[in-house]
């Protein structure tokens, strides 16, 4: 009730866990010939067109970046942002969470996706013995069958409790099962936060330590932050990662390179494909559809996105060696 709807300043409202920067920072070079956003035409489904600059000016943007063939073609900042300031990711961070699951599987900290979640969160059995039927794969596909109370905008619903609550373990005790696992997909934040807890316990590290050690410092990134709960300092893994614009692009570049960076395979290539590629399907409503915490194209083109609330978007096109990053806000900042 105090904070109302989430916005791009939320990283200041919650505690943070810090990820150290790399010893050697990687920098994308700028292309000699920068793109002119006034000459880039954006077409809408209804046939209308506008130029990119007008779109950005009117879409509550904080930042926009285009990287192609490893060079920056366009960079725009708004609302007193620049590349020295961190931008919150909201659900874009689920792509990072998925990458850590792939690493944990590769290191055998988690046996396989069919492992019951109660292997790592046995206290759920006190709620209901049926929690043993829920697998890690169910959390990844968001079809665990766990009851999700309230719509997203409900200030007394589960989303508000997970996002604004101070004590995730108190919330954990309230969880109940509504349906058999695997029957129905429902986008929610409870499933990925349970996965965050599992990754923490399986690795013996916090999410920040995990991601810093195996990904962040490997790709030449700067200092970053992950918001946590006040009570137990558990990261909000389903959202709330905060980093500089160019560093988000480095994570995207890692995925363009199939999980490989400087001759080191950081994320298994098979896992990158598993989470970012889906079979072509007829979906006239959505160009990109949810799949293992990412949003691959539904037309089989091979491009995919990570998407977050308030117009956060990381777009990756392996065929064109192209990365787009957009950061937005709920309302314009004066």
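Quick notes on this structure:
- Filter result for residue 97 (crowded, with 20+ Cβ neighbours inside 10 Å, at pLDDT 95 or above and assigned to a strand (DSSP E or B)): no
- For region 145-161, the count of residues that are in contact (Cβ under 8 Å) with a residue 40 or more places away in the chain and assigned to a helix (DSSP H, G or I) is zero.
- Residue in region 143-156 that is under 12 Å from residue 194 (Cβ atoms), modelled with pLDDT of 95 or more and under 18 Å from the mean Cα position of the chain (by Cα) present: no
- Restricting attention to region 18-47, the residues that are part of a strand (DSSP E or B) and touching a helix residue (DSSP H, G or I) at 6+ places or on another chain (Cβ under 9 Å) total 4.
- Residue 221 outside any loop (DSSP other than H, G, I, E, B) and either farther than 17 Å from residue 22 by Cα or within 18 Å of the chain's Cα centre (by Cα) (or both): no
- Here 159, 195, 140, 172 are screened, and the one residue that is surrounded by 15 or more Cβ atoms within 10 Å (Cβ to Cβ), closer than 25 Å to residue 233 by Cβ, at pLDDT 95 or above and out of contact with any helix residue (DSSP H, G or I) (no Cβ under 6 Å at 6 or more places or on another chain) is 140.
- Residues that are surrounded by 11 or more Cβ atoms within 10 Å (Cβ to Cβ) and in a strand (DSSP E or B) do not occur anywhere in region 103-112.
- Search result, residues across region 275-317 that are touching a helix residue (DSSP H, G or I) at 6+ places or on another chain (Cβ under 8 Å) and either surrounded by fewer than 17 Cβ atoms within 10 Å (Cβ to Cβ) or part of a loop (DSSP other than H, G, I, E, B) (or both): 292, 293, 309, 310
- Exclusive hit being closer than 21 Å to residue 187 by Cα and within 22 Å of the chain's Cα centre (by Cα), set 95, 70: 95
- Contacts under 6 angstrom Cβ, first residue in region 89-102 being within 21 Å of residue 329 (Cβ to Cβ), partner assigned to a helix (DSSP H, G or I) and modelled with pLDDT of 95 or more, 6 or more apart: 94/192
The values are calculated or read from the model by the stated rules, or taken from the named source; none is laboratory data. In this text, all values refer to a predicted model and were calculated from it rather than measured experimentally. All Cβ positions, even for glycine, are placed from backbone atoms using ideal geometry, and neighbour counts span all protein chains on display.
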